[in-house]
Structure formats: structure tokens, C-alpha cells
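The values are calculated or read from the model by the stated rules, or taken from the named source; none is laboratory data. Computed from a prediction, not measured in an experiment: that's the story for all the values here. Here the Cβ positions follow ideal geometry from the backbone for every residue, glycine too, while neighbour counts run over all protein chains shown. Ligands, DNA and RNA are stripped out before the accessible areas are found, and what is left, the full protein with its side chains, is counted by its heavy atoms. Shrake-Rupley method; radii C 1.70, N 1.55, O 1.52, S 1.80 Å.
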Amino acid sequence: MNLLARVCREVQKKSHITQREIAQKLEVSLGRANQYIKECIDSHYIEITNGKYFLTYKGNEFLSDFKVDNAIIIAAGFGSRFVPLTFETPKGLLEVNGERMIERQIRQLNEKGIYDITIVVGYLKEKFDYLIDKYGVKLLYNPEYSTKNNLATVYCARHLLKNTYILSSDNWISNNMFHLYECGSWYSCVYKEGKTSEWCLKVDKKKKITNITVGGFDALVMYGPVYFTNEFSQKLIPLLEEYYARPGTEDFYWEHILLDNLNKLPIYANEQSVDNVYEFENLEELREFDKSYRNYSNNEAMYHISKVLDIPESEIQNISCLKAGMTNKSFVFSVKGKDYIFRIPGQGTDRLINRKQEATVYRAIAHLQISDHIVSFDEKTGYKLSCFYKGAHNLNSQNWEEIAKAMSLIKKVHCAGLTVKHCFDLRERIYFYEKLCVMNHCIEFYDYFEVKQKMEELLQLIDTLNLPKVLCHIDCIPDNFIFLSDGSLKLLDWEYAGMCDPLVDIAMFAIYCYYDEDQIQRLIQLYLGREATLEEELRIDSYIALSGFLWALWTEYKQSLGDEFGEYGMKMYRYAKDYYKRAKILMEKRE
């Protein structure tokens, strides 16, 4: 930390500043402040006229090396601890005391003369576009925001690192802590009493950070923005590239580099008061800070829960995000000691799911008591509020005892004689998803039309068979089977359910689990309780191919809306091609 530059900065800001004020700003003794002032005078950085300090031309030149070049605001992440608010709004765009958190920080930077601001975006990236027009900021997209931690975000912006502020979009800074000139690299921190899981710092007498640990007791903790000098940035960039390329660093923060390389990356603690920098950990903390969130969060899901349960929003507590499903988003919460789960339909599902039909299915299966206990179901929005089962676990697709129980439950549904008026029609669904994909220009498979022709061949075969039709679940993924703490099994999420050949459920289960040929044969035997006939094998292989094709199209469409499913669509497409070949062999045997 260059303390002579600090003296010059304070003199530039306030010419009639006193030695005592300089000592307070530098957090040094009056004698040490006098020494630094004398060094600045001897170096012709400042001069005294009529008892006032003035920055000289040479002082301005000296200070220019410390001028802030730019600021980078990290805004790529999801903000899972703020669901359901962040299902609709990125965390940095949430309002606190009537002002969006990211806008407050942009305004504070602008007040200090810093206008070169880049926001690294990812989740709901389009929501940030208005900031370009309002503040003249630039947006930089991080395509890895959903699969990697902030090491990848800083890596994405590494070409911008100079004399640079790094901010988090979801910080709230009460009093402007920024400057046009910064005199050394620093990390904002606050003192936390008691045990903490935050990143804790040890510093020397000059406040240089000497050690970092994750978790500690009665310690300074990293909290808020960071500043890199150009010298620091040039040392950090090759380390960012090295760590980014290293396997196993997907969950790393950029601070892991700092932790490992303090000897190469000297940085100081910039201690702030606990009431100046806020990193809200959850909605409860935000409610404490901004009282308006207690009973009105301006969020549809929270309003819906409040209305259904006839409670103020403040009683919706202990909110936590569940792993996002492929179709929907869900979160868990408690009200008066009772746990609930709330489902919000995902983007584009209004075109994919008929919620009235889903409600019909729930009514049809209610007496079997095999699904979750539904408190309310909104057929218009698809909102579903149900009881949450603590201590439950999802089916393990490699545990064949659990799979046997799942197949028994599926067979129970198939044999229950349940009927609804709508069907699940593979041909209709394939054509429907294809139409959506064509409209969105999102079919990426080079051999699509060749494979489609093969699927048509299978559909024509299915049309010739005399097939049974029963109520099928269709979406038999392992995550939809939950074992309760008492050992009983439930099957959730019946939104795709309809009348269909029961063997479709077996085919769907197999591909959802990414089963190979041997595992699929074992699955069939568990369901049937015997070896499959040639026609049953042909039906299942055809359904595996057609279902793979169907969900590959579904994935293409969903990804065109901004969702990301990794290799799922590719695996589904592979099932379509591989099991067409198997079905073709069985067709020849049948003849």
C-alpha cells in the first residue's frame, strides 16, 4: 500500500485538510502522518501555501499511476438462497430500500468518476440490458455461469483486469467507499464475532493479509468489493489461466488462487464497519434490513402462498431452493413449523403442459395415496403447493431393490383401472416438439431428417399393433420417486401423465436412467416378472427409440429458451438411433 499516494489523494480531495485528519484517514499515528507529509513535500508532490496543502503538477503525475481504470461487476450467478425472488429477478436487480443493489453500486462508482464498468452476466442475462442505456455500462456474457463458480467468471473478464475494482452485484454499500485513485490492492472486510464459515483473514501491523482460512472465530472476514492494482492484475492473469485449465476447479472461487498464492499476490485488508457493507445471505436477512420485504416481496409465488395459507409473507420462513427440475423450479419453506414445497412451472412449459389435464390425473390417483399431498393446485398458472417430506430420499437408479419397488408401484398404477380423457400420444408429441423447434430454428442434429424418417417407420409399426391403454406416468425419472423415512414410496409430478401403452413407462424409465442393454433387460424382467415376448421387446425397443427422439427435440426447444441440460439431449438422440437398429432386427425376426 503506497502511503505517499494516500497522502496525495487526501490532499487532492481536500486542500485544507489537517495533519490530524490525514493521520485518521491513513489510520496511523500523528507522528507517522507528519513523516509521510514531509516525504511528499520533499518529493515535490505537495506544497504548503497559506497553511493549506496543494497537490503539485509532479504530485498529480505521481498520483495518475494510481487512477482506477475500470470496474467489473460480477452478476452471472443464480442466487439460490433468494428463491423464489431470483426465479424471476437476478439477485443484483432486487431492490433494497427502493434502489436496485447493482444500480446503487454503479451510481457510487459514477460519483467517483468511474464510468468504464463491465457487468459479467449469465443467469437471466437479458434482464441487465437496460443498464447499457441507463448508465452506459458494457455487458460480458459468461457461458459457464451455470456449471462453474466465480473463478470462471473472473477468468472470462481477465482481459479487462488493470487498475480494477471487482464488485458483486448483490452487495449493498451504505456509504460510498470507492475512490478515483486507489493506492494498493485490497479486499474489503468486516470483523465478525464468534464462529463463522466465511473466509477469514490474518493481517500484519500494516494490514497486509498474511493468511486466509475458510471458517474461523472472532476474525476479519472477506466481505464486499475488491481492488486490483495493475501490477496485481498482471500477476493474477496467468494464475487465473492456470487454475481455470486445471481439472477439478469447477467449484473454485477466484479467492482460492489468492489463498494459495499470497506470497505472489500481496493484498491488504480494507476494513469496513459492519453497517457499511452488506452481503445478504437469505431473504430473512433482507427482511431485517428492508422492512418492506416482510409482507410484500413483489413476487407472485410468495403472494400465492400467502393467499392460499392465509398468512402474511413474513411467516414464510426457512426458504431453500431445491435442485431445479428439467421442467419446473421448486423451493421448500416452512410455516408455523410445518414444511411445504412449492412448484413453479419453468420457462415455456405453458406450451408444453396442459395443467387442467394434470389436475385431472391428480384427482384420478388421489385414492391410491401414492403421490404427494397437495394443498393447492392452480390449473391456470401450474403453481402447486404440497407437503414436503423431511428425511425422504430419491430413488437410486443403481439400487435394484429400490428399482424393484418402483416397478411394483408403476405396475400398481397400470393395473388400477384408472382412466382419464386425454392420451399421451408419441406421434402427436413428436410432431408438436418438432414444430416448436422449427419455429425457433433450434434443431442442431445434422442427420435429423434421416433419423426422423426412421422414427416414422417405428410410428407406423406401432399403429399396426393392438396396444393396451392405461394411465401412465410418462415422466418416471428417479427424482420423481421418493422413499419416505418410514420406507413407503411416493411417485411425484404427474404433469405428462395420460392414457398410453404401459410399456412406454418402462422405456422412459430406462432412458432417464441412461441404462445400457443389460440393465434394460433386467428392468423389463422386474416389471413383467418374466421374460418379455418378442412383441413386448419390439414395443419397448421402439418406445425407447421414439422417446429418445421425443426428448431430444424437447431438449433442443428448451435450450433455445435459455435452459441448459448438458449432454442429456445428445444421449436421448443416441437412444433414438441405437434402438431403432434393435427394433429393426426384432421386426425382421417377427416377420
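Tabulated data
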{"read-out": "Within the chain, longest stretch free of exposed chymotrypsin sites (Phe, Trp or Tyr not before Pro) [DSSP loop, at most 16 other beta carbons within 10 Å]", "value": "116-295"}
{"read-out": "The chain - percent of accessible surface contributed by carbon and sulfur, probe 1.4 Å", "value": "48 percent"}
{"read-out": "Protein-only accessible surface order, largest first, of 393, 373 at 1.4 Å", "value": "373, 393"}
{"read-out": "Average accessible area per residue (Å²) across the chain - probe 1.4 Å, nucleic acids and ligands excluded", "value": "47 Å²"}
{"read-out": "Cubic angstrom per residue, convex hull over Cα atoms of region 225-343", "value": "183 Å³"}
{"read-out": "GluC sites (Glu not before Pro) restricted to region 1-98 and DSSP loop, no more than 16 other C-beta within 10 Å", "value": "27"}
{"read-out": "Alpha-carbon radius of gyration plus Dmax, which is the widest Cα pair, for the chain in Å", "value": "30.4, 109"}
{"read-out": "Debye intensity ratio I(q)/I(0), log10, region 111-239, q values 0.11, 0.18 Å⁻¹ (C-alpha model)", "value": "-0.47, -1.23"}
{"read-out": "Cα→Cβ-extended label distance, 7 Å offset, between residue 235 and residue 564, nm", "value": "3.2 nm"}
{"read-out": "Cα-based radius of gyration of region 496-552 once divided by 2.2 N^0.38 Å, which approximates compact folds", "value": "1.05"}
{"read-out": "Loop-resident sites, region 301-409, for trypsin sites (Lys or Arg not before Pro), counting at most 16 other Cβ within 10 Å (DSSP)", "value": "323, 336, 380, 390"}
{"read-out": "Cross-link partners of residue 206 among aspartates and glutamates (Cα-Cα below 17 Å; sequence separation of 8 or more within a chain)", "value": "27, 182, 271"}
{"read-out": "Difference of contour (0.36 nm per residue) and Cα-Cα distance, residue 428 to residue 263", "value": "53.0 nm"}
{"read-out": "Sum of -39500 (n - 2.57) over DSSP H runs of 4+, divided by residues of the chain (222 nm, nearest 500)", "value": "-12500 deg cm²/dmol"}
{"read-out": "Stokes-Einstein diffusion coefficient of region 456-534, Kirkwood radius over Cα pairs, 25 °C, 0.890 mPa s, in µm²/s", "value": "173 µm²/s"}
